[in-house]
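Read through the structure below, which is laid out as structure tokens, and then see the notes.
The values are calculated or read from the model by the stated rules, or taken from the named source; none is laboratory data. If you're wondering where the values come from, they're calculated on a predicted model, not measured in any experiment. With ideal geometry, Cβ positions are generated from the backbone for all residues, glycine too; neighbour counts draw on all protein chains shown. Just the protein is used for accessible areas: all its heavy atoms, side chains included, with ligands, DNA and RNA removed. Shrake-Rupley method; radii C 1.70, N 1.55, O 1.52, S 1.80 Å.
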Amino acid sequence: MKKAFLFCVLLMVGSHAAAQPRDYEWTTPSRNSSESMPCGGGDVGMNVWVEQGDVLFYLSRSGCFDENNTLLKLGRFRISLSPGLDMKRFRQILHLNDGYVEVTDGSVSLQLWADVQKPVVHIDMNSPARRQVMAVTYESWRTHDRELTKRERFQTSYKFAAPKGLKTRADSVSAGDQELTFLHRNGAVTVFDATVAQQRMETVKHRLYNPLEYLVFGGRMKGRGFVLVDKMGGRYASSDYEGWMYVSRRARKRQHMQVALATKQGTVAEWEQELDRVEQSVQRAADRQATRQWWHAFWQRSFIEAPGQEPGTPATLVQNYQLFRYMLGCNAQGQWPTKFNGGLFTFDPEYVNSAQEYRLSPDFRNWGGGVHTAQNQRLVYWPMLKSGDYDLLKAQLDFYLRIYRNAEERSRLYWGHEGACLTEQIENYGLPCYPEYGTKRPEGFDPGMEHNAWLEYEWDTCLEFCMMALEAHRYSGMDVREYVPMIVSCLRFFDEHYQYLASRRGAKRLDGNGRLVLYPGSGGETFKGAYNSTSTVAALKTVTQALTDYARQQRDTTLVAYGTSLLQRLPDITVRDGMLAPALHYERVQNVETTQLYPVFPWRMYGVGRPGLETARKTYQDDTLAVRFRSHVGWKQDAIWAACLGLTDEARRLVTLKLSDGPHRFPAFWGPGYDWTPDHNWGGSAMTALQEMLMQEAADTIYLFPAWPRRWDVRFRLHASGGTVVEAELLGGKVVRQKVTPATRKVVAAP
């Protein structure tokens, strides 16, 4: 696999006009944190902006969950220069190809970058003359315990069911003469314990994975020649803070400050040992070079380019695709996946929503920090297959790998059968989210069920992540053996649970045709009380077939036998009046998801080059609910479906709405949509739609430009199955160049 990857890299570097992303630049400073620019790498993100002459940034790292499962920021940093920058010559530049942000006046330059391989942030100042004094202030709004407001509780896993007096606990800040250490440590008792007690799982608690207990996270700021000169207080946006200012002892041509980070479950002493190890590993010049080389390789994996720079043109859409992909790349090495509701780049909430209730701390994001809304989360990760970013997929796949055994414990405890019951609002420890499980449950209600009108019986989203693993193997040869038990467990849950439910209703476990009766079920959060939900049937059929194909390749006869047997037990998708129906029957409509089109995407049973294309098109165009629910906002998938169905004009219309500039200064800060800003499921679904317009695959055939407007000039490099790399260029309505590696792949190009 390593040899194959190296071959692909060499092939890309030597190919026609290898892509290099254009810098993204501002020439005026910002008003506040909402006008920030993302910067990051590894699993670290910064929001960087310049306000009233100071350079500021928020610092975030994936996995920094407090006792309430809020994804906390690590602080705000303020950089001041004396003499200050010449604002008449101001430039703030995101150097995409090298992965760093620069603030300069043409003479003095400040560069901020995060090491891709180590959790370390670097601040480099360069000046032509020995006259610059640099001050760096660490600012914290968590210097004391603080009770959360009603709205603020939505940043935690308790959300609307938070106990009275819920608090965010204070950080520990230790300011020495030459360095500052900051950390947050969870205690023994967290929201995990409350969830286990609520869901009657105390008897198996000792076997459950718990990522929150005694979790310590934070870092240390220090720089050669910097000393502590002041401690002050202040207020930024709606949060009071305390600050510790470190200033260089003397003016220099070059100044450097670093912030090393560590996360560890255990004692503070163990955390300090981990932090020391990170600091000792720093070799700044070599680390900078390695980080820039990583970003260079990242941009060579795939690209989409369009000429011009005018707003509303394909160039704008492609630019925003590229900027959002950069944001995803900032968590390439993360242990935890990029959250759909802001990722690493949230900012002060009052700039997202001006209502008084949103005048909260920078830690706020709607819909929680540790809880994952899987229907939203999946959209962040689907585009990584065609972009070739398989390493970015690992954090999301490992998330399920860590938690699925807790979900198996649920099935055994509540129902006495096997299989992982992974719910829709899933905690980072694999149990249903505390409030959505239901705090006011009827007497005798099934303890394995969420008592929630939107989420009841919604268990199938985990199958999309199972499919991502199998597709990553099919695309790149990625070794997915460690994920196979998880995939089997997810399938086994549906097989065994619905036989269990049937046996509770009567004498037979299958219907008259020997098929599973998937009732009660759910089509997303929308079609409730569903009988053979189309989205669930499509998921089970597709994943089971993919797993069976994989098992044949691996010569696993036992797994082949199980997959073949399960396929025979699965019901058919319901087609009614020439259209895909949401289910054979359903009781009510609860939300606005068009799950009858899930067989198009994500399950790719219908589409360009596949049977039944007209059935799927008729569903998209004529189904009254599909038409009523149509939108480009947030997690809406209509742009993807239009592209997959070859509906060029409709795909163009919707992807233009999705990928046009967002409401904030940085154009890929979309949202809040249905969630929060930056809306990452908005960006992920937009990326997927653009990719599908350019290239699709059915059976062994690759289709070029299946839904791309002929008047839009473009060139791209994207990935397909079998280690295939596709490059093509459309110019003046004609395909002027195409290159497919390996050349044996069948390609059907647009006329």
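Listed values, structure above:
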quantity	calculated
Count of the stretch 485-503 residues which are among the aliphatic types (A, V, I, L, M) and farther than 15 Å from residue 540 by Cα	2
Neighbours by Cβ (under 9 Å, 6+ apart or cross-chain): first from the stretch 583-608, closer than 12 Å to residue 640 by Cβ and open to solvent by less than 10 Å² (accessible area, probe 1.4 Å); second assigned to a loop (DSSP other than H, G, I, E, B) and of a type in the set (Gly, Ala, Ser)	594/524; 600/607; 601/607; 607/646
Any chance residue 368 is open to solvent by less than 10 Å² (accessible area, probe 1.4 Å) and either part of a loop (DSSP other than H, G, I, E, B) or closer than 24 Å to residue 327 by Cα (or both)	yes
Residue 328 being farther than 30 Å from residue 715 by Cβ, among the aliphatic types (A, V, I, L, M) and surrounded by fewer than 24 Cβ atoms within 10 Å (Cβ to Cβ)	no
Checking residue 301 against (1) in contact with a His (Cβ under 9 Å, 6 or more places away or on another chain); (2) open to solvent by less than 10 Å² (accessible area, probe 1.4 Å), the condition it does not meet	(2)
Residue identified as over 26 Å from the mean Cα position of the chain (by Cα), open to solvent by 20 Å² or more (accessible area, probe 1.4 Å) and of a type outside the set (Gly, Ala, Ser) among 481, 552	552
Inter-residue pairs, beta-carbon under 8 Å, first under 16 Å from residue 42 (Cα atoms) and free of Cβ contacts under 8 Å to residues at least 12 places away in the same chain and in the stretch 384-408, second open to solvent by less than 30 Å² (accessible area, probe 1.4 Å) and in a helix (DSSP H, G or I), 6+ apart	none
Residue under evaluation residue 200, criteria (1) touching a residue at least 24 places away in the same chain (Cβ under 8 Å); (2) of a type in the set (Lys, Arg); (3) out of contact with any strand residue (DSSP E or B) (no Cβ under 9 Å at 6 or more places or on another chain); (4) assigned to a helix (DSSP H, G or I), criterion not met	(4)
Candidate set: the stretch 120-153, residues that are part of a loop (DSSP other than H, G, I, E, B) and touching a Ser or Thr at 6+ places or on another chain (Cβ under 8 Å); chosen: the one modelled with the lowest pLDDT	128
Counted residues, the stretch 636-693 - those being assigned to a loop (DSSP other than H, G, I, E, B) and of a type in the set (Val, Ile, Thr)	1
Boolean, residue 267 is at negative phi, β-branched (Val, Ile, Thr), modelled with pLDDT of 95 or more and crowded, with 23+ Cβ neighbours inside 10 Å	no
Check on residue 418, out of contact with any Leu (no Cβ under 9 Å at 6 or more places or on another chain) and open to solvent by less than 10 Å² (accessible area, probe 1.4 Å)	no
Which listed residue, of 410, 405, 441, is surrounded by fewer than 24 Cβ atoms within 10 Å (Cβ to Cβ), closer than 20 Å to residue 203 by Cα and at pLDDT 95 or above	405
Positions within the stretch 154-171 being closer than 28 Å to residue 221 by Cα, of a type outside the set (Lys, Arg) and in a loop (DSSP other than H, G, I, E, B), in sequence order	156, 170, 171
Any hit, the stretch 248-263, residues being of a type in the set (Lys, Arg), in a strand (DSSP E or B) and surrounded by 15 or more Cβ atoms within 10 Å (Cβ to Cβ)	yes
The listed residue being within 25 Å of residue 331 (Cα to Cα), crowded, with 17+ Cβ neighbours inside 10 Å, free of Cβ contacts under 8 Å to residues at least 12 places away in the same chain and touching a strand residue (DSSP E or B) at 6+ places or on another chain (Cβ under 8 Å), out of 139, 102	102
Residue 210, sole failed condition from (1) open to solvent by 10 Å² or more (accessible area, probe 1.4 Å); (2) over 32 Å from the mean Cα position of the chain (by Cα); (3) not acidic (Asp, Glu)	(2)
Hits in the stretch 457-510 (condition: in a helix (DSSP H, G or I), under 16 Å from residue 430 (Cβ atoms) and polar (S, T, N, Q))	489
Members of the stretch 628-658 that are open to solvent by less than 30 Å² (accessible area, probe 1.4 Å), closer than 18 Å to residue 317 by Cα and in contact with a Lys or Arg (Cβ under 6 Å, 6 or more places away or on another chain)	638, 639
Any hit, the stretch 709-731, residues being out of contact with any strand residue (DSSP E or B) (no Cβ under 6 Å at 6 or more places or on another chain), open to solvent by less than 10 Å² (accessible area, probe 1.4 Å) and assigned to a strand (DSSP E or B)	yes
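Residue-wise test of (1) touching a Lys or Arg at 6+ places or on another chain (Cβ under 9 Å); (2) open to solvent by less than 20 Å² (accessible area, probe 1.4 Å); (3) free of Cβ contacts under 8 Å to residues at least 12 places away in the same chain; (4) more than 30 Å from residue 320 (Cα to Cα).
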| position | (1), (2), (3), (4) |
| --- | --- |
| 567 | yes, no, no, yes |
| 611 | no, no, yes, yes |
| 626 | no, yes, no, no |
| 660 | no, no, no, no |
| 664 | no, no, no, no |
